[in-house]
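Working notes for the structure below.
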Amino acid sequence: MSGTASDVTEPLRVSQLDAAELDSEVHQLMKNQFKKVIKYLKPGTLSSIEPELNSALRLIIWKFSLYDWGSTVGQHILDLKYKAESTSSSKTHWINSTQKWLYCLAAVGVPWARERFLDRGALPVQDSIKQQIYKVLHWTEVVWKCASLVNFLVFLQQGKYQSLLERLLGIRPVFQQQQMIRQVSFEYMSRELLWHGFAEFLFFLLPLVNFRNIKSYLTQQISGKKSRASLQSFRCKADYEKCVICEQWPTSPQEIGCVHVFCYYCIMSNYKAVASFFLS
């Protein structure tokens with residue numbers, strides 16, 4: 001499949017980074033959902049095939065995203081698609097089947113081999129040969145990470161090939177359709193920014209407000225404080241026999257200016273939570 005070069009638009013660096021972050025979140029989300037499904041199994045039941053399960057999840061994501069759409073999940077959400085670099089400047093060639101399978105080998109097969117044979121030490125060779133293989137693979141991984149860092153720095157400068165794998169395969173994401181320039185009025189943007197800042201201030205302030213304390217203070221101001229003598233006349237025998245918090249016989253009875261009687265520990269625990277605790 002191909003098209004003209006004018007049909008595609010180069011994406012911003014932040015769009016490519018957002019797509020990569022979305023891909024990582026999708027894989028983690030599927031992994032968490034799978035863990036919820038098997039959480040009632042006996043612990044350690046599937047630990048022996050964990051590398052295969054992780055690879056199966058990666059393979060499913062690859063099949064229903066890159067293989068079917070020509071783009072990853074994150075790129076599809078942002079309307080991006082992999083474009084294959086070619087010598088022709090008038091044609092746009094999308095990613096082909098060979099590049100898709102090579103991407104699968106690098107994104108699914110290599111992580112599986114690493115988890116199965118390196119991290120678990122299950123390489124079926126002699127110990128002397130195994131140590132040499134581990135050493136070679138270790139330095140290969142170090143070189144790959146260094147090359148990925150250099151590639152990322154080049155990506156920040158040029159805006160192409162966000163990952164080293166994309167550079168090796170000669171593919172990079174582009175917008176499938178010409179992007180329209182959105183015009184937003186200055187008044188609308190100012191209003192949105194003002195409301196966004198005000199909302200963030202409220203989210204910061206509200207957890208610091210003790211609404212129970214405010215309610216108790218207002219209750220005291222509205223109802224007013226009764227005198228100790230008048231409270232004695234309002235109380236009946238049942239008030240002295242039950243703590244209104246635990247509804248048991250009061251232990252070390254206490255009063256706080258109302259007709260109710262409390263246990264010492266009940267009223268002190270509430271007082272510790274709210275210094276102006278009041279029950280009318």
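Please treat every number below as a calculation from the coordinates, not as lab data. None of the values given here were measured: they were computed from a predicted structure. Every residue, glycine as well, gets a Cβ built from its backbone with ideal geometry; the counts of neighbours run over all protein chains shown.
Each residue of segment 72-78 is assigned a 3J(HN,Hα), and the resulting list reads 6, 4, x, 5, 5, 5, 8 Hz, derived from the Karplus form 6.51 cos²θ - 1.76 cosθ + 1.60 (θ = phi - 60°), x at Gly and Pro.
Annotation: lysines with alpha-carbon distance below 22 angstrom to Lys160 (same-chain offsets under eight excluded): Lys81, Lys83, Lys91, Lys100, Lys145.
What the Cβ-Cβ distance of Tyr40 and Leu105 gives, at R0 = 45 Å and to the nearest 0.05, is a FRET efficiency of 0.80.
Annotation for Leu12 and Lys237: the two label points, set 7 Å from Cα along the Cα-Cβ direction, are 7.9 nm apart.
Between Leu194 and Val150, what's the calculated FRET efficiency when r is the beta-carbon distance and R0 is 45 Å? Round to 0.05.
So, using R0 = 45 Å, E works out to roughly 0.55.
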